[in-house]
Each structure stands twice: as C-alpha cells, then as structure tokens.
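Taking it in order: structure first as structure tokens, then the write-up.
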Amino acid sequence: MSPNDPSFVLRSTATSPFGRKVRMAIEVLGIGHLVTLEPADTLDANDTLRQQNPLGKMPCLLLPDGTAIYDSGVIIEFLAEGAGSDALVPREGPERYIALTRARLADGITEAGLLMVYENRFRDPGTQSERWLDHQRGKVNRALAAFEANPPDLAKTDIVSIGLSCALGYLDWRRPVKWRDNHPRLVAWLAAFAKNEPAFARTAAPNA
C-alpha cells in the first residue's frame, strides 16, 4: 500500500466492538488515509451490507473493485499484509498461530458479551433465558481467567492486545458482566495499554 493507492471502504459503526478492532489496527498501521468509514445498519433489510456480506455482519471491508472482506480478524490480516507489517500478526511459525488463537479467545469474550446484550435487547421483558445468559457468562469468565493468568505483552500492540482491549472496553461500556473486581491484573493491563496506545482512546464508542 502506498499514499497513491485507491481507498478502501470500511462498513461499520463507531459503536461496533469488532469494527473498533479494525479501526485500531488501521491507526496502528498508519493507513487511515486509505480507509473511509461508511456506517452500516445490520437490522435494515435494505442496507447494502447484506449484499456485501451475506451474514449481514460488520465490519466489512470493501476493496476498490467492490470485493468484500470480512470478518475483523481477516480484515486485519489483509491490511497488515498489504502494509508490509508483521507487527500485528507474526508472519509464520508457532508464534503466528498462538497469536491468532489468543486473538480468537479475546473475540470470544466480545461475542458472548454481545449475545448477552442482545438477549436483553431483543426479547420482551421477562422472557430472557437465564440458562442462555449463564452459558455466555461462563465463556466470558473462563476467557477472562485465561488472560488474567497470562495478559498480553504490554511492549507491543498486536492483534491480541487490540482484540482484548476492545473486548474489555465493550464489557465496561455495555456491562453484560462485572469483570473488574475479580481480574486485577487485567484491570492494570488495560489501564497501561490505554496509556501506551493512543488509538484505544481515539476509537472509543461515543459516550463510552
């Protein structure tokens, strides 16, 4: 990628935690001048997002020829490779797959948190499934325990730290679970990461 490259379009919103992952990666890679943010509405049947990504999910990256790339992890790998950087994702070897696995663990926190929020948002009062909520809460708590025992390296911003910071930021914002009291190392890690990485504050959801 160069300053003369045609621009990409990122279909997302300022409130999407997975969109935030990609927006943070774009800032860290220094390619913000190549990407235009175009809001999407996942609930609007007429939104072109459903043609770009048949799942109707964001984020979705549109290449200049209209080709769509999704989900957030794939987008980040694509952008990092195009930028010629291995800072976010190791190029090869066990380190690459360990990083991708831990990144997926962080994504799992966000996914479970989203499902808990949706359970309360889209069901009528009193019809929420406590069994379902407990199932998702268990995923979040087990993943948090794994990161509490082994937080990401604060010396670098990579796909793991980006994903985990967005997951914790989402938990702080929407509060599907209370996580801070039982995870002091993660609390300290997030505070240090936010201090060291300006993109974290710049990509926060409005009023978050």
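Determine, yes or no, whether Thr110 is outside any helix (DSSP H, G or I) and either at positive phi or outside the structural domain of Asp71 (by TED's automatic domain parsing) (or both). Here the answer is no, as Thr110 does not meet what is asked. Filtering the stretch 1-44 to residues that are acidic (Asp, Glu), assigned to a loop (DSSP other than H, G, I, E, B) and under 25 Å from Asp86 (Cβ atoms) leaves only Asp5. Taken over the stretch 171-208, the criterion of being of a type outside the set (A, V, I, L, M, F, W, C), assigned to a helix (DSSP H, G or I) and surrounded by fewer than 18 Cβ atoms within 10 Å (Cβ to Cβ) is satisfied by Asp172, Pro184, Arg185, Lys195, Asn196, Pro198, Arg202. As a summary of the residue check, Leu61 satisfies the conditions (1) closer than 19 Å to Ala205 by Cβ; (2) part of a strand (DSSP E or B) except for the one numbered (1). Would you confirm whether or not the stretch 154-164 contains a residue that is surrounded by 21 or more Cβ atoms within 10 Å (Cβ to Cβ), among the β-branched types (Val, Ile, Thr) and assigned to a loop (DSSP other than H, G, I, E, B)? So far as the stretch 154-164 goes, yes, one or more of its residues are surrounded by 21 or more Cβ atoms within 10 Å (Cβ to Cβ), among the β-branched types (Val, Ile, Thr) and assigned to a loop (DSSP other than H, G, I, E, B). When the residues of the stretch 80-102 are filtered to those that are among the aliphatic types (A, V, I, L, M) and more than 20 Å from Glu27 (Cβ to Cβ), the one that is surrounded by the fewest Cβ atoms within 10 Å (Cβ to Cβ) is Ile98. Taking the conditions exactly as written (without any contact (Cβ under 8 Å) to a residue 12 or more places away in the chain, within 26 Å of Thr42 (Cβ to Cβ), in contact with a helix residue (DSSP H, G or I) (Cβ under 6 Å, 6 or more places away or on another chain) and not small (Gly, Ala, Ser)), does Gln136 satisfy them or not? No, not satisfied. For the stretch 42-64, taking the residues that are closer than 14 Å to Thr13 by Cα and of a type outside the set (D, E, K, R), the one that is surrounded by the fewest Cβ atoms within 10 Å (Cβ to Cβ) is identified as Leu43.
This table checks each residue for (1) touching a residue at least 24 places away in the same chain (Cβ under 8 Å); (2) touching a strand residue (DSSP E or B) at 6+ places or on another chain (Cβ under 6 Å).
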position	(1), (2)
Ile31	yes, no
Thr36	yes, yes
Pro39	yes, no
Thr42	no, no
Met58	yes, yes
Gly66	no, no
Ala83	yes, no
Glu95	no, no
Leu115	no, no
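Is it true that Glu77 is out of contact with any Asp or Glu (no Cβ under 9 Å at 6 or more places or on another chain), of a type in the set (Asp, Glu) and surrounded by 13 or more Cβ atoms within 10 Å (Cβ to Cβ)? Here the answer is yes, as Glu77 does meet what is asked. Go through the residues of the stretch 173-193 one by one and say whether even a single one is modelled with pLDDT of 95 or more, within 20 Å of Ile75 (Cβ to Cβ) and of a type outside the set (Phe, Trp, Tyr). No: the stretch 173-193 contains no residue that is modelled with pLDDT of 95 or more, within 20 Å of Ile75 (Cβ to Cβ) and of a type outside the set (Phe, Trp, Tyr). Yes or no: Glu77 outside the structural domain of Leu171 (by TED's automatic domain parsing), of a type in the set (D, E, K, R) and assigned to a helix (DSSP H, G or I)? It is true that Glu77 is outside the structural domain of Leu171 (by TED's automatic domain parsing), of a type in the set (D, E, K, R) and assigned to a helix (DSSP H, G or I).
Residue check: Leu168 meets all listed conditions (1) in contact (Cβ under 8 Å) with a residue 12 or more places away in the chain; (2) crowded, with 16+ Cβ neighbours inside 10 Å; (3) farther than 25 Å from Ala14 by Cβ but one, namely (3).
Let's see how each residue does on (1) in the same structural domain as Val28 (by TED's automatic domain parsing); (2) of a type outside the set (Val, Ile, Thr):
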position	(1), (2)
Asp44	yes, yes
Thr48	yes, no
Leu114	no, yes
Arg131	no, yes
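The values are calculated or read from the model by the stated rules, or taken from the named source; none is laboratory data. Keep in mind the model is a prediction, meaning the values are calculated, not measured. Methodologically, a virtual Cβ is constructed for each residue, glycine included, from the backbone with ideal geometry; neighbour enumeration extends over all protein chains shown.
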